[in-house]
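Heads up, the thing below is written out as structure tokens.
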Amino acid sequence: MADQGLMSRKSVDDIIRSSEDHPHKLAKTLGPYSITAMGIGAIIGAGIFVLTGTAAAQYAGPAIMLSFILGGVACAFVGLCYAELAAMLPVSGSTYSYTYATMGEIFAWIIGWDLILEYAMGAATVAVGWSGYIVSILRSIGIVIPAVLTTAPGTVITLPDGGTVHGIVNLPAAFIIAILTASLVAGTKESSRLNNTMVILKLAVVVAFIGVGAFYIHPENWHPFIPPNSGTTGHFGVSGILRGSAVVFFAFIGFDAVSTAAQEARDPQRDMPIGILGSLVISTLLYVAVAAVLTGLVPYGQLNVPDPVAKGVDVIGLAWFSFPIKIGALAGLTTVILVLLYGQSRILFTMAQDGLLPRLFATTHPRLQTPYLSQTLTGVVVAAVAAFTPIDILSEMVSIGTLFAFILVCGAVIMLRRSDGGVRRPFRTPGVPVVPLCGIGFCLLLMSALPGITWLRLIVWLAVGLAIYFLYGYRKSVLRHRPK
């Protein structure tokens, strides 16, 4: 089987056996509640606490509710495909592993490289949002961090006296990544407990915001529900709903990250479908409810702020509620960063097991059974990006990468039904091939709403990845050079 070429495929049995027989194994510590909480932890975060306001103000107006529904429907089709593959292939590689079993090594590398961008840059983006909330909270209790130490180099900061300074480094963003990286290195079970606690906290705050805010809604703020298009594609009107959905799709990457936990699930055949679909349904309902309350409280044109939910609370006039909202937002953003850092290291772990990346990424700690070298390197890189890079439109970049990955997942279900029809499937996606094709169609629709510069950035990133593959992965691939 040596040198099979770029389209070399790993069989389903091969993928499962290699994960079970590898000397560096991951501990099986996660149950259905922890996996569902992990998904909610990643999904409920930047979407509610940051992107809802931006997308409403710039693209969809009150119809941002429809944007979230559209995103949720697209994810429902994709989630059913993920559930089948995660139960069938309980390994840590997510879309990368599924693609390896269907389309071959070169496509597996492309999607793996795409996921590296999605998770790492997504974590850096959310860390910058976390920094903004913690600075606000500390300021409210009299602790002021110099502005130059809370923003990236080159960022112009307007001071209270009207003067301006330039940022040097975003220390809070780097700090939270370092803390969470250390937690993940210490153990998945311990990180899961931390995540579960924060998920409960932020869900309580989100539900409280919906429950309290519903009594202060001004229905006139919902009119017009779909603002007329400004003359530019993507700015209000129907195209604005699509653009808003494509932007807030960043918020749905959580259930994709859940699939990377399959190898550490105690009963993946049962737990993974529960975790993926359960977290998706709960999160989508909460997104729509928050969007409805928020746009009912504040005119959509005033929501282009980094903390729209806190602004909504201020409009209510309950000043005492602002602090717990910010605490909930902080918890929400923390869990997103935690899960994205976790998913990133597991993708690197699986690619290194296949020889496509250096072996150090597949080395686990002898006592902790975590990929400590991969996790540490991921933390260092993401912390540096968050600390020194101005991040303004990365949500679109992460969204297009996510949508690209989702298309390949839906395609993998169709192809595996043909090539490995006899393999046991603990969970079966209903309506194949209609459901996977609907998932592909919705993802392409949302990708078409993103601007050309975002497509160009994705192409450049993938080109860099292909160069690395041909310089290293192609020559070191375990599958292609395995003896017959």
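The values are calculated or read from the model by the stated rules, or taken from the named source; none is laboratory data. Computed from a prediction, not measured in an experiment: that's the story for all the values here. Using ideal geometry, Cβ is built from the backbone for each residue, glycine included, and neighbour counts are taken over all protein chains shown.
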>> So Thr125 passes all but one of these: (1) under 30 Å from Asp420 (Cα atoms); (2) at pLDDT below 85; (3) hydroxyl-bearing (Ser, Thr, Tyr). Which condition number does it fail?
In response: (1)
> Taking into account only those residues within the range 384-398 that are over 17 Å from the mean Cα position of the chain (by Cα) and not in a loop (DSSP other than H, G, I, E, B), which is modelled with the lowest pLDDT?
Replying inline: Phe388
> Given the conditions (1) touching a residue at least 40 places away in the same chain (Cβ under 8 Å); (2) outside any helix (DSSP H, G or I); (3) at negative phi; (4) crowded, with 16+ Cβ neighbours inside 10 Å, and given that Val435 satisfies all but one, which numbered condition is not satisfied?
Replying inline: (2)
>> Looking at the range 83-96 only, could you name the residues that are under 13 Å from Thr350 (Cα atoms) and at pLDDT 80 or above?
In response: Tyr96
> Does Thr284 satisfy the condition of being polar (S, T, N, Q) and either farther than 30 Å from Ile453 by Cβ or at pLDDT 85 or above (or both)?
Replying inline: yes
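May I ask you to list the residues in the range 409-431 that are within 14 Å of Phe77 (Cβ to Cβ) and under 26 Å from the mean Cα position of the chain (by Cα)?
Going residue by residue through the range 409-431, those that are within 14 Å of Phe77 (Cβ to Cβ) are 409-414, 429-431.
Correct list: Val409, Cys410, Gly411, Ala412, Val413, Ile414, Thr429, Pro430.
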> Counting only residues that are outside any loop (DSSP other than H, G, I, E, B) and out of contact with any helix residue (DSSP H, G or I) (no Cβ under 6 Å at 6 or more places or on another chain), how many does the range 153-172 have?
Replying inline: 4
>> Condition (residue is within 20 Å of Ile43 (Cα to Cα) and either within 23 Å of the chain's Cα centre (by Cα) or surrounded by fewer than 23 Cβ atoms within 10 Å (Cβ to Cβ) (or both)) applied to the range 210-233: is it met by at least one residue?
In response: yes
> Only one of Tyr100, Tyr119 is under 15 Å from Gly473 (Cα atoms) and either in contact with a Gly (Cβ under 7 Å, 6 or more places away or on another chain) or among the aromatic types (Phe, Trp, Tyr) (or both); which?
Replying inline: Tyr100
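Residues are listed down the side, and each one gets a yes or a no for (1) out of contact with any Leu (no Cβ under 9 Å at 6 or more places or on another chain); (2) over 21 Å from Ile179 (Cβ atoms); (3) of a type in the set (Lys, Arg):
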residue: Val315; (1), (2), (3): no, yes, no
residue: Leu318; (1), (2), (3): yes, yes, no
residue: Ser322; (1), (2), (3): yes, yes, no
residue: Ala329; (1), (2), (3): yes, no, no
residue: Ala352; (1), (2), (3): no, yes, no
residue: Thr364; (1), (2), (3): no, yes, no
residue: Phe406; (1), (2), (3): yes, yes, no
> If you check every pair at least six apart or on different chains, which have Cβ atoms under 8 Å apart with a residue in the range 275-296 that is closer than 13 Å to Leu70 by Cα and of a type outside the set (Lys, Arg) first and a residue that is surrounded by fewer than 21 Cβ atoms within 10 Å (Cβ to Cβ) and modelled with pLDDT of 90 or more second?
Replying inline: Thr284/Ile69; Val288/Ile69
> What residue, of Leu377, Leu445, Leu450, is buried (at least 19 other Cβ atoms within 10 Å of the Cβ) and aliphatic (A, V, I, L, M)?
Replying inline: Leu450
> In the list Val247, Val212, Val207, Val238, which residue meets the criterion of being among the hydrophobic types (A, V, I, L, M, F, W, C), part of a helix (DSSP H, G or I) and modelled with pLDDT under 90?
Replying inline: Val247
> Which fully enclosed helices (runs of 4 or more DSSP H) of the range 266-372 have 3 or more residues being closer than 29 Å to Val135 by Cβ and under 18 Å from the mean Cα position of the chain (by Cα)?
Replying inline: 268-297, 319-353
